Amino acid sequence: MSDEALICIRGLSKAYTRADQQIPVLLNIDLDVPAGDFVALMGPSGSGKSTLLNLIAGIDKPSSGSIHIGGVDIATLSEGALADWRAANVGFIFQFYNLMPVLTAFENVELPLLLTSLSSRQRKQHVQAALEMVRLTDRMDHYPNELSGGQQQRVAIARALVSDPTLIVADEPTGDLDRHTGEEVLSLLDNLNRSLGKTIVMVTHDPKAASRARRMVHLEKGVLVDDMPA
Amino acid sequence: MFLFKLLLKNAFRHKLRTGLTMVGLVVAICAFGLLRTIVSAWYAGVESSSSTRLVTRSAVSLTFSLPQSYAGRIKAIDGVTGISWSNWFGGIYQEPRNFFPQFAVDPQSYLALYPEYQLTDEEKLAFYRDRKGCVVGKKLADKFGWKLGDVVPIKGTIYPGTWNFAIRGIWTGAEASTDENQLLFHWAYINETLRKRLGNRADTVGVYIVGINEPNNAALISQRIDTAFKNSLAETLTETEKAFQLGFVSMSEAILVAIQAVSFIIVVIIMAVMANTMTMTARERLAEYATLKALGFPPEFVVKLLFGESLLIALLGGLLGVLLTLPLASGFGAVVGSLLPRFHVSAGTMALQMGAALVVGLVAAAWPAWKMSRIDIVQGLRHVA
């Protein structure tokens with residue numbers, strides 16, 4: 001294991017069972033991601049990039065191998081411990097934003113903080129700071145359906161960073177956005193990485209989006225085939 | 001607090017769906033309450049029975065009379081503290097739909113055995129003195145607008161002719177369960193007439209009401225009475241007033257069982273409807289629950305969300321159903337009148353209604369909550385895509 005790596009993956013394999021048949025998705029992956037890195041996971045459809053991201057985020061379990069993040073082997077954690085670990089360490093950005101439609105932008109951003117011991121006032125300060133960072137303080141009382149796609153994704157980014165996680169995982173964060181709005185979102189991620197030093201792992205099939213990362217990791221048929229600076 | 005806010009917002013996210021589910025619940029809970037009230041009203045006579053009263057009737061059938069001469073012999077039996085008698089009159093006031101029970105009774109001894117019929121001393125005295133007088137329950141008097149001194153003409157069906165009774169007293173029940181829908185008049189009045197017109201039917205009574213000193217001795221005293229008349233021309237059957245009333249109810253027991261069954265079936269139907277609503281709701285929000293779990297919310301949070309939403313809708317629907325039952329029962333009671341004299345929704349029925357709503361809410365959420373608590377986060381998130 002590399003001493004400086006935030007994420008240290010060794011011999012990681014994942015297979016799904018479909019009708020008594022084992023379908024391998026990831027095969028013997030080794031990967032190190034230092035703290036403060038911005039990695040783009042690339043590859044064709046079915047290459048296993050999203051599966052790898054899910055495993056790093058702790059929302060899926062590997063078939064074999066280890067995933068050490070911040071020194072913790074998350075592959076060995078129980079469901080409950082893994083949920084606690086995610087709440088404390090991971091910020092999620094999804095392709096389709098995944099905001100709660102019945103909650104305002106403010107309430108959506110506040111969600112991860114409800115799992116902390118922060119007071120109501122402290123939560124409010126954190127949420128306002130996060131919304132300020134994505135320049136949406138004027139829309140904090142709006143519901144998701146009152147916001148554009150780009151604005152919704154900015155709310156999702158604010159939600160991902162509000163609890164100050166070690167790691168931000170983004171699954172096709174610009175996949176549902178037009179080019180201009182996508183650029184804005186990527187700039188935001190870039191800013192989070194450069195200004196706040198957040199470690200970001202992003203799945204994308206868009207080379208332009210990947211070029212905003214510091215490093216590109218290519219997968220094909222579940223195998224890591226290339227790892228190079230962006 | 002956040003949990004409550006979220007489940008409240010979720011509950012009314014699809015206003016039409018929630019509204020229609022709630023309408024179904026209101027109707028079901030209301031129907032459940034009304035049917036339970038019908039059953040309770042049917043048993044009202046049983047509930048108001050005294051444990052210190054026995055009823056002696058012909059061992060053959062209630063339609064056979066007993067000689068009035070038995071009164072003295074029954075009174076002499078050890079443990080008997082009082083004796084009275086009554087005959088079912090079965091007359092019609094104006095038209096058959098105005099049905100209410102009328103009994104020919106021995107006034108002094110009867111009212112002594114029924115202290116729950118509360119009359120003033122003046123009213124009692126006026127009744128005792130007037131052989132063509134009668135006393136009526138307050139609900140009956142209110143229903144027909146009768147007041148003291150009014151003459152009530154009743155056309156006999158068992159006892160031929162039209163009989164006019166002057167109201168000498170209006171009783172109020174000592175307890176809520178006391179029947180206030182009867183008319184009592186002098187047994188002697190019809191007996192005199194029967195002597196003149198139908199001599200063979202005179203000096204007979206329908207049932208004897210027997211006061212006893214100790215409820216625990218009811219079986220023993222009943223046995224003593226029936227033994228006293230064994231092998232006579234008119235053998236007797238003595239039972240507690242409650243058993244006597246239950247005998248009437250048992251005649252229509254099949255209907256009551258059917259009504260009770262229907263009341264529960266209604267609850268089961270709405271349970272299925274509500275469960276379907278909650279399952280649809282949960283399936284639609286699969287990605288949201290997956291997102292919450294991805295963010296670190298434990299599965300119990302999703303369970304609480306679904307149970308909370310289901311219970312909120314069910315209990316709100318239940319409460320509205322209970323509130324609607326009250327005026328409906330009142331209207332229904334007015335229509336059925338003295339057929340079901342004590343038709344009111346009891347606190348027990350209302351508690352049952354809310355209990356049914358609670359069970360509906362819990363059962364409806366059980367399956368989707370279990371299912372959603374176990375969803376695979378990755379699969380759930382893909383649901384959006």
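Rounded to the nearest 5, what % of DSSP beta bridges with both residues in the protein assembly as shown are antiparallel? Write out the running numbers ahead of the final one.
Numbers: 54 of 80 bridges.
About 70 percent, rounded to the nearest 5.
Backbone N atoms of the range A:47-64 closer than 18 Å to the 7 Å Cα→Cβ label point of residue A:84 belong to residues A:58-59.
Could you check what % of the DSSP bridge pairs in chain A are antiparallel, to the nearest 5? Could the numbers behind the result be given before it?
On the way: 23 of 40 bridges.
Bridges in chain A that DSSP calls antiparallel: roughly 60 percent.
Restriction of the trypsin sites (Lys or Arg not before Pro) in the range B:122-183 to DSSP coil positions whose beta-carbon has at most 11 other beta-carbons within 10 angstrom yields B:147.
Can you tell me the order of B:204-210, B:275-281 when each peptide is scored by its average per-residue count of other Cβ atoms within 10 angstrom, highest first? Present the calculation step by step, with values, prior to reporting the outcome.
Numbers: B:204-210: 23.4, B:275-281: 18.9.
Put in order of decreasing packing, that is B:204-210, B:275-281.
Given R0 = 25 Å, the distance between the Cβ atoms of residue B:201 and residue B:226 translates into a calculated FRET efficiency of 0.55. Neighbours of residue B:348, meaning other residues whose beta-carbon lies under 14 angstrom from its beta-carbon, give a summed charge of +1 when Lys and Arg score +1 and Asp and Glu score -1.
Show me the helices of chain B, taken as full DSSP H stretches, that run 24 Å or more along their long axis by Cα and average 1.0 or above in Kyte-Doolittle hydropathy. Intermediate values should be presented prior to the final figure.
On the way: long enough: B:15-42 (40 Å, 1.41); B:253-284 (47 Å, 1.61); B:299-336 (53 Å, 1.74); B:347-373 (37 Å, 1.13).
Span-like helices, by this rule, are B:15-42, B:253-284, B:299-336, B:347-373.
With 0.36 nm allotted per residue and the present C-alpha distance subtracted, the residue B:174-residue B:148 stretch has 7.4 nm of extension available. Computed from label points 7 Å out along Cα-Cβ, the spacing between residue A:221 and residue B:383 is 3.5 nm.
Taking each pair of distinct Cα atoms in the protein assembly as shown once, what is the resulting Kirkwood hydrodynamic radius in Å?
Working: mean 1/r = 0.0324 Å⁻¹.
Across the protein assembly as shown, the inverse of the average 1/r is 30.9 Å.
Note on residue A:63/residue B:284: beta-carbon distance plugged into 1/(1 + (r/R0)^6) with R0 of 25 Å gives a FRET efficiency of 0.20.
Here each label is just a point 7 Å from Cα along the line to Cβ, and for residue B:155 and residue B:235 those points are 4.0 nm apart.
Local charge sum around residue B:201 (other residues, Cβ-Cβ under 15 Å, Lys/Arg +1, Asp/Glu -1)?
Details: positive: B:195, B:196, B:197; negative: B:192, B:203.
Here the count lands on +1.
Averaging Cα coordinates gives a centre for the range B:292-336 and one for the range B:120-153; these two points are 48 Å apart.
What is the extension gain from residue B:164 to residue B:250, computed as 0.36 nm multiplied by their sequence separation minus the C-alpha to C-alpha distance, in nm to one decimal?
On the way: separation 86, 0.36 × 86 = 30.96 nm, distance 3.39 nm.
Gain in length upon complete extension: 27.6 nm.
Note on residue A:141 and residue B:81: the model spin-label points, each 7 Å out from Cα along the C-beta direction, lie 7.4 nm apart. Among B:312, B:16, B:320, the residue with the largest mean-square fluctuation in a Gaussian network model of chain B, with springs joining Cα atoms closer than 10 Å, is B:16. Could you tell me the center-to-center distance, by alpha carbons, between the range A:23-101 and the range A:167-230 in angstrom? When both Cα centres are located, 15 Å separates them.
Each value in this text was obtained by applying a stated rule to the coordinates, not by laboratory testing. Model, not experiment: these values are computed from the prediction. Every residue, glycine among them, receives a Cβ derived from its backbone with ideal geometry; neighbour counts consider all protein chains shown.
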